[in-house]
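The values are calculated or read from the model by the stated rules, or taken from the named source; none is laboratory data. Predicted, not measured: the structure shown is a model, and the values here were computed from it. Neighbour counts are summed over all protein chains in view; Cβ atoms, including those assigned to glycine, are modelled from backbone coordinates with ideal geometry. For accessibility, only protein heavy atoms count, side chains too; no ligands or nucleic acids. Shrake-Rupley method; radii C 1.70, N 1.55, O 1.52, S 1.80 Å.
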Amino acid sequence: ANEKAEEEKVDEISEIGGVGVGEDEAEDTVDVAYTETISFENVPITVTGLDKKFTSTLLKPKSGMITLTVIAEPDIAGKLEVEDFNVLIDASMIAAEGEQVYDITVEGPTNIQWTLSEKEVTIMVELA
């Protein structure tokens, strides 16, 4: 009877996590239920490392801003502020003018997960 109760518990946990898991992994799935999601809108994208002979203009997203959605434990999530994150692109490899596409990098606390409304940006690079 104890084995049956344990199987039912695993099934319930699997449904909560949305992914079928074995008994060994079930405990990890439970943690997902104890997270909080926060969205920071209009977070500016910073262009770093661009050679001084160039200027850059963000073409996509045109506003130069994205939404950063953070997933963390409630005690951590409650303390987070947009200032805890740097959203940037590393333009140090740019050597010529033109339209360029770069992945967005996020620097922030290590004990959380995040997603971005855009994964990459398009910038126009011109001589200063």
Exercise for review: State which residue pairs qualify: first residue in contact (Cβ under 8 Å) with a residue 12 or more places away in the chain and aromatic (Phe, Trp, Tyr) and inside segment 53-77, second residue surrounded by fewer than 17 Cβ atoms within 10 Å (Cβ to Cβ) and not in a loop (DSSP other than H, G, I, E, B) in any location, beta carbons under 7 Å apart, and separation of 6 or more residues or different chains.
Suggested key: 54/126; 54/127
Practice item. May I ask you to list the residues in segment 64-118 that are farther than 24 Å from residue 49 by Cα, over 15 Å from the mean Cα position of the chain (by Cα) and among the hydrophobic types (A, V, I, L, M, F, W, C)? Key: 76
Revision key, fill the gap. Those residues of segment 88-105 that are among the hydroxyl-bearing types (Ser, Thr, Tyr) and surrounded by 15 or more Cβ atoms within 10 Å (Cβ to Cβ) come to a total of 1
Point to revise | Of the criteria (1) open to solvent by less than 80 Å² (accessible area, probe 1.4 Å); (2) touching an Asp or Glu at 6+ places or on another chain (Cβ under 9 Å), which one residue 116 fails | key: (2)
Check your understanding: From the set of residues in segment 55-87 that are in a strand (DSSP E or B) and within 12 Å of residue 123 (Cα to Cα), which is most open to solvent (accessible area, probe 1.4 Å)?
Key -> 60
Practice item. Please enumerate the residues belonging to segment 101-117 that are closer than 14 Å to residue 47 by Cα and part of a loop (DSSP other than H, G, I, E, B). Key: 104
Review point. If you scan segment 119-128, which residues turn out to be of a type in the set (A, V, I, L, M) and either open to solvent by less than 30 Å² (accessible area, probe 1.4 Å) or under 10 Å from the mean Cα position of the chain (by Cα) (or both)?
Key: 121, 123, 125
**Study point:** Residue that is modelled with the highest pLDDT, among those in segment 35-54 that are among the β-branched types (Val, Ile, Thr) and not in a strand (DSSP E or B)
**Key:** 45
Exercise for review: Keeping to segment 91-100, report how many residues are modelled with pLDDT of 95 or more and in a strand (DSSP E or B).
Suggested key: 2
